[in-house]
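In what follows, a structure is listed as structure tokens, so that the remarks can point back to it.
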Amino acid sequence: MVKTRRDGKLRLGAFLHPTGNHVAAWLHPDAQIDAGTNFAHYAEVVKIAENAKFDLIFLADALATRGGNLDALKRWPQYMAYFEPITLLSALAAVTKHIGLVATATTSYNEPFHIARKYASLDHISGGRAGWNVVTSTNRDEPLNFGREEHYDHSDRYRRAREFTQVVRGLWDSWEDDAFVRDREEAVYFQPDKLHRLDHNGEFFKVRGPLNVARPPQGYPVLAQAGSSEAGKDFAAETAEIVFSAQTVLAKAQDFYRDLKGRMAQFGREPDQLKIMPGLNVIVGQSEQEARDKHEYMQSLIHPDVGRILLQPELGDIDLTGLPIDEPIPEHLLPKETNGSQAGLNMMLSMVRDEKLTIRQMYLRYAGARGQRTVVGTPAQVADEMETWYQEHAVDGFLVQPAILPGGLQDFADLVVPELQKRGLFRTEYEGSTLRQNLGLVRPASRYQAPE
């Protein structure tokens, strides 16, 4: 075990795929089979995470059902029918008190005013617990729902996202913190000199403002981001306060950590104002054999058709139908670039070229954790792995991705969290009332506030 200890505590988020993170989760008899549209299920799961003192829960999103071979997709229901996340988080805010509520919203097919208003509202409803995961769309069917045939080019997407985020933050500053005096005796509700129009006129957006919601309790809801391309890392270093990344090798995770934190100075930011939290698929048992049995059972539920379609988007949508699953993908079919996730493509190419994995081996590795790292073992073994990555400056925390819900999260809460707390690696009580306070992030001052 590492001898030199870092100060501080691990940050933990729970990634709530409806039935669980594993691609075959819905087939497990203990999974909530109608989870995507079952509010009681989400309320139960978020309370498990809050009782365990998680920093946040996270909901992904897409603006289209999955396209492609419906005969194969019928075996993989995730993202086919599930709640719109801001609506869901607003409801969950009413049944929780402390845990952060973070959801994805794409900059590709939204308008900045809509996003600013929704997340400001969620921040008020939750008492300062909202977070926005800023993404650019990669689902190939999303543009078809918004009058486009294909996505914006990769370089345009990040320029658009940067401007989009600047506009949203500007709109969140529409009202100064003390603008609303609400004085009945003087019949004055707000001070006009503390209301500001944005009057933004940029490359992609023209937005007058102001926003018709008071400044959020956190100043700005916490901003998360997940891109790991060069453009994505620059965007994160400038803007993000949480980064959700896919890291499976300690040395590469350390390189990513140093690289990303090292870029922040050029934007006038301190490294501790960005929390790097890669995904971690934990399957824990009272014994190592119990954990392995759980994992092997989940893997046995993956249908080959699902394995193929899971790989295809990361490989530039090449058609794997009919290819032998116990042989590698032929070299001539592999794409050189993608208009989707470059990080996902690079990971797939490494599996084929460096490791010579077959299609079956690829989808068994990828499907179990959606390309994230899997740790299978006892509470002590899982905590050892988490502690090592934290102490070796590869992470600030983890986005825990339970294989099935609710059971997988309950196992983590009951078995792993107490082990982390015993080692002094994780909180026993929340530090504050807002997500920013619990993550140790500063509350941004309004751009219109006079310097102290």
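The values are calculated or read from the model by the stated rules, or taken from the named source; none is laboratory data. The structure presented is a predicted model; accordingly, all values stated were derived computationally and were not measured. Because the Cβ atoms are built from the backbone with ideal geometry, glycine has one as well, and the counts that use them run over all protein chains shown. Areas reflect the complete protein model, heavy atoms only, side chains present, ligands, DNA and RNA absent. Shrake-Rupley method; radii C 1.70, N 1.55, O 1.52, S 1.80 Å.
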Kindly establish whether residue 233 is open to solvent by 60 Å² or more (accessible area, probe 1.4 Å), modelled with pLDDT under 95 and in a helix (DSSP H, G or I).
no
Does residue 127 meet the test of being surrounded by fewer than 18 Cβ atoms within 10 Å (Cβ to Cβ), of a type outside the set (Asp, Glu) and modelled with pLDDT under 90?
no
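Quickly run through the stretch 143-183 and pick out the residues that are assigned to a loop (DSSP other than H, G, I, E, B), of a type in the set (Gly, Ala, Ser) and closer than 25 Å to residue 236 by Cα.
174
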Being free of Cβ contacts under 8 Å to residues at least 12 places away in the same chain and either open to solvent by 20 Å² or more (accessible area, probe 1.4 Å) or of a type outside the set (Phe, Trp, Tyr) (or both) narrows it down to one of 40, 31, so name that one.
40
The residue that is least open to solvent (accessible area, probe 1.4 Å), considering only those in the stretch 76-124 that are β-branched (Val, Ile, Thr) and more than 18 Å from the chain's Cα centre (by Cα), is 96
What is the number of the single condition among (1) open to solvent by 10 Å² or more (accessible area, probe 1.4 Å); (2) of a type outside the set (A, V, I, L, M); (3) at pLDDT 90 or above; (4) not in a loop (DSSP other than H, G, I, E, B) that residue 412 does not meet?
(1)
Of the residues 429, 419, which is over 30 Å from residue 173 (Cβ atoms), among the charged types (D, E, K, R) and outside any loop (DSSP other than H, G, I, E, B)?
419
Suppose we filter the stretch 3-19 for residues that are small (Gly, Ala, Ser) and in contact with a Gly (Cβ under 6 Å, 6 or more places away or on another chain); how many remain?
0
Would you pick out the residues in the stretch 244-303 that are open to solvent by 10 Å² or more (accessible area, probe 1.4 Å), touching a Pro at 6+ places or on another chain (Cβ under 9 Å) and over 26 Å from residue 103 (Cβ atoms)?
262, 265, 286
Restricting the search to the stretch 365-406, which residues are part of a helix (DSSP H, G or I), touching a residue at least 60 places away in the same chain (Cβ under 8 Å) and out of contact with any His (no Cβ under 8 Å at 6 or more places or on another chain)?
379, 381, 382, 384, 386, 387, 388, 389, 390, 391
